[in-house]
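Readers should treat all values here as calculations from the given coordinates under stated rules, not as data from a laboratory. Please read all numbers here as calculations on a predicted model, not as lab measurements. In this analysis, Cβ positions are derived from the backbone assuming ideal geometry, glycine residues included, and neighbour counts consider all displayed protein chains.
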Amino acid sequence: MNTSTHTGLRKPMRTISLRTIAAHKLRLALTILAVVLGTAFIAGSSMFTASLSNSFAKIISTQYDDVDVVISSERGVGRQISVDDVKKLRERDDFTSVDLMVEPAPIILAGTDGKAIQTGGAPSVALSYDPDAEATDTVTLLDGDWPTDTDTVAVNASAAERGDISVGDSVTVVTPSDQFKVTVVGTFDFPTATGGWIGVLLPEDQFLPIYAPDGKVNSASIVLADGTDTNAVVEELRSEYPDYTIDNAQVLVERQTEELKKALSFINYFLWAFAAIALLVGTFIISNTFAMIVAERTREFALLRSIGASRSQITRSVIGEAVVVGIIGSALGIVLGVGLSKGLFFALEKKGIGLPDSGLSLTPTTLIVPLVVGAIVTVVSAWAPARRAGSIHPVEAMRSGDSSSQNSLRVRTVTGGLIVAAGTAACLFGAFTTNIEEIKHRLIFVGVGALAVIIGVWLIGPALSIPVVGGLGRVIGAPFGAVGKLASTNSRRSPRRTSATAFALTLGLMMVSSIGMLGATMRHSIENIIDDVVVSDYLVTGQNTSTFKIPYSVEDRIAGLDEVGAAHSVFLAPLLVNGVPMSKSFGGPPQTSVADLNLDAGEGMKVTISSGSGNLHDEKGVILYDEIAKSLELGVGDNVTLSTIDGSGSLDVPVLGTYEEMQAGGPGIVSTAAARELLPVEQMSLEMILVDAADGVASQELGRALEDAMAEYLVVQVMSKEKYAGAQANQVDQMLGILYGLLGLAVIIAVLGIINTLALSVTERRREIGMLRALGTQRSQIRRMIYLESVVIALFGAILGAAVGLGLGWCFTRTIGEDALETIIIPWGQLGVMLVGSAVVGVIAAVWPGHRAAKTKPLDAISDR
């Protein structure tokens, strides 16, 4: 055929494509919806993190609006700024004010109902107020007066509102060292007073003994008098105080803003990972949708070929339709992303998780990236069906139906089988190998292997569907007689379509089952560790250990109870052992476990001492986990150097002993006597108190006595060993709940895929359904047939996803678990819920397609050409 003929068809082909899109609005809507859900997650996550970043950046900037110079500890670590130096600086005439800051300075504030005001994870901090300083715009007094007398405070307005606190009210505050009553004399506004943040202003004379008993603070903010040269002051102070870090406040703002963006980028990457999963699932659905559309339009394309359309023109027309679908779907996805972003802020606020929200942030990234990604994914998904459309021959105008199902699956199945085998080998190598010491390298093998397994399963899916779907169809369809047999036959008639439809659900449930296995294993491991290690009857811990610890006065209160036989305190302290922290710390300074225990006698904790002594009562020293001792090349009797993080103090102590298992004390434990020689107790956080009953006192009696004694403390909870193990395990469930929620989007898209496929299948099988109606099949039987087909497809996807997910989850859990996760648990209950849920999903997905099929008129359908 000559070129002029092809050229002459270009404009008509564009017109045909556009009219085809307009004529099949339902088909268009179903395809667009898959794109919308995938791109909405990308847009929403981008807008959420951009809004969060801008809000925090605004807080940082506003906090230093009036500040000209900031003095901080060298390397920004620890408390090194002398209070005496701060007072000396306040005497200068060119300084308007010099405010000091201590971090952390945790405080708990009770409302007028006597209960602690919840922050939802936001900070609750004490702030110092200098009565002699001139007022600045940073802290704005809204009502009442500034706190100038002992036991008077001012509270930020949002916290006062949540606690129903008014000026003049008497409320309770809890500091790390004590709990006492204060009078609220004023309310104020502060730049960081967003979300659930709580700020309590204390007079400096009362603040410093509590939070800076050693006379050292973290930083000081200087406001200069008008006309003072900031750079000259910075250079002068650097010369006078060489051990301090002194910066122009604006330089500090820029540095902190950049650090903030890096910190928040993790959230963005995390959310984008789940957006990628949603898009991946959507890719299979879009590809399957276009494949069915091409099969349905075989005669249409063949007729176009017979009147002169070239292969490339047919391909381009399908790609053109994909571009239209991609752009429309992505644009709508951005609109939905706005709602998702605002909805996420709203949901977190309702959950009590206060985050700053200064309004929606629309940037080029949040708008252009989802639009481009959505369009590209749609075009890529439609590429193979478009090529297939271009390969249709004119003679196929005389045929009807999808001939693709007749093509051999041999090459695809053999290729997929080899890829699955290679992926499985890589996963097992990562899980079992001992030649590679670093876990991250082993995880790379498992990750690459998992990707290969997923690709291989997709390739062998059609071949697997023939026996599995056939068997499921016979079992599920048996109670429904002839209708059940028809549904079973229809489900396995087009294995490619069945597999492609089910694979979206397979992918979602694959990840859910893998995470479920990891969660069940972690929960079992935590419960076993606590059961094996903790030997005391009860544990006293903080209500929210991430933001506030146990007040030190609790120790004396517990020791004074008649029902208590022994009480053992465990601290965390900012100490290093030969430059290494002896415990794991997330999001804060390195910490080391500190305790006054005789582990040989099993006081509080049960630890197997492998060499030396575990008695931390008798002398200053440390005990170390065996592997840590080996890595530091230390043995019993060797000296180690204990040092503060800021390097202000050090102490040489001996290694008293080593122990076998790390779960109890972490990498190592320092004796309390040694730690207190370097740090005042106020700089150590009291993590827990292990309590044993006195002779003749029942466990329940001890529990009641502890609960009565701790009732007045706002931040202390009493738990039995079993309850404590359950509480720790529940934290795993809460963490995984977020993952399940995000993966839920992939499952929603998978359900959409089943609806989409069934709806298009009903359209394609219009004549077949019409014939069944003409032969006497009732509408209810047609609906039932579609329901059963959908259930079979959904169950096939769920079973395949669960089986593969358990295998991959086992390899992943074994790789990261090492000795800590010795027993891998299969969550049978969760798997049962997943399978039942998949059957329900199948029924729900078939409601609308089944209704459409039942409405088919026999004569109209049979007369269709």
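For region 89-181, the orientation-averaged shadow of the C-alpha convex hull comes to 7.0 nm² (one quarter of the hull surface). Computed from backbone phi, the HN-Hα couplings of region 485-496 come to 5, 4, 4, 5, 5, 5, 5, 9, 5, 10, x, 4 Hz, rounded to whole numbers (Karplus: 6.51 cos²θ - 1.76 cosθ + 1.60, θ = phi - 60°; Gly and Pro given as x).
Shown in residue order for region 223-236 are the 3J(HN,Hα) couplings computed by the Karplus curve 6.51 cos²θ - 1.76 cosθ + 1.60 at θ = phi - 60°: 9, 8, 5, 4, x, 7, 7, 4, 4, 5, 5, 4, 5, 5 Hz (x for Gly and Pro).
Considering only the Cα atoms of region 68-260, their convex hull presents on average a projected area of 10.9 nm². Close amide H pairs (under 5 Å, H built 1.01 Å from N) link Y538 with V691, residues at least 5 positions away or on another chain.
Ranked by how many other Cβ atoms sit within 10 Å of their own Cβ, fewest first, the residues Y740, Y269, Y787, Y552 fall in the order Y269, Y740, Y552, Y787.
Taking a Cβ cut-off of under 14 Å around G726, the surrounding Lys, Arg, Asp and Glu residues balance to a net charge of -1, with basic ones at +1 and acidic ones at -1.
Close amide H partners of N615, meaning residues 5 or more places away or on another chain with modelled amide H under 5 Å apart, are L599, D600. Residue-wise HN-Hα couplings along region 689-695, as the Karplus relation 6.51 cos²θ - 1.76 cosθ + 1.60 with θ = phi - 60° gives them from phi, are 10, 8, 10, 10, 6, 5, 4 Hz; Gly and Pro carry x. Of K262/K342; K606/K723; K115/K216; K115/K181, which pairs sit farther than 25 Å apart, going by alpha carbon to alpha carbon? Distance filter (> 25 Å) returns K115/K216.
For region 77-185, GluC sites (Glu not before Pro) are listed when DSSP marks them as loop and at most 14 other Cβ atoms sit within 10 Å of their Cβ; the list is E91, E134. Amide H contacts under 5 Å for M688: V570, restricted to partners 5 or more places along the chain or on a different chain, H placed in the peptide plane at 1.01 Å from N. Here V833, V338, V594 are placed in order of increasing Cβ neighbour count within 10 Å, fewest first, which gives V833, V338, V594.
Peptides 300-306, 316-322 ranked from most to least packed give 316-322, 300-306, packing being the mean of other C-beta atoms within 10 angstrom over each peptide's residues. Geometric descriptor of region 744-852, per residue, is 102 Å³ (volume of the convex hull of the Cα atoms). In region 552-712, the ratio of gyration radius to Kirkwood radius, Rg to Rh, stands at 1.00 when only Cα atoms are counted.
Within a 10 angstrom radius of the beta carbon, how do C427, C811 rank from fewest other beta carbons to most?
Going from least to most buried by this count: C427, C811.
Computed from the alpha carbon positions, the gyration tensor of region 458-560 leads to an equivalent ellipsoid with semi-axes of 57, 16, 12 Å, biggest first. P(r) for region 667-736, from all Cα pairs and a bin width of 5 Å, is 3, 11, 15, 17, 16, 18, 15, 4, 0 %, short bins first.
Of the beta bridges in region 552-712, as assigned by DSSP with both residues counted there, near 80 percent are antiparallel.
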